[in-house]
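Since the structure comes first, as structure tokens, the remarks are kept for the end.
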């Protein structure tokens, strides 16, 4: 259910989202994105634990296939990725559940180096503005 909410939020923000059920399916998709009808995978979103292996192992294998692949860990496990033990990496980010769709959208745009869309700064749009 969380995956569906995240996918809907990211699609609503203009992203192409590919969903898989297992870690192995994610690795196969990274190795052969053309099988899903896309040229490349720009971001991996995973939990600390995924069916088939740990999230950390999935990330290790995914980045071996695609070095520099940005990763977003989304977890509700308070023991996963303790702040004192986390290494600062520019290609990884951790979000704690629950995550508002707007926050997810902002973090994904940031990881992908995309600009904020007009009106996304949190300010209410001007009702008199033309669009």
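In table form, for the structure just shown:
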read-out: Fully extended contour minus Cα-Cα distance, from residue 39 to residue 11, at 0.36 nm per residue; value: 8.3 nm
read-out: DSSP-defined beta bridges in region 2-112 - what % are antiparallel, rounded to 5; value: 20
read-out: Residues 53, 1 arranged by fewest to most Cβ contacts within 10 Å; value: 1, 53
read-out: Near-label residues of region 53-73 by backbone N, under 20 Å of a point 7 Å along Cα→Cβ of residue 31; value: 53-70
read-out: Per-peptide average of other Cβ atoms within 10 Å, ordering 111-117, 12-18, 56-62 highest first; value: 56-62, 12-18, 111-117
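Since every read-out is calculated from the coordinates, none of them should be taken as a lab result. Bear in mind that the values here come from a model prediction, so they are computed numbers and not experimental data. Every residue, glycine among them, receives a Cβ derived from its backbone with ideal geometry; neighbour counts consider all protein chains shown.
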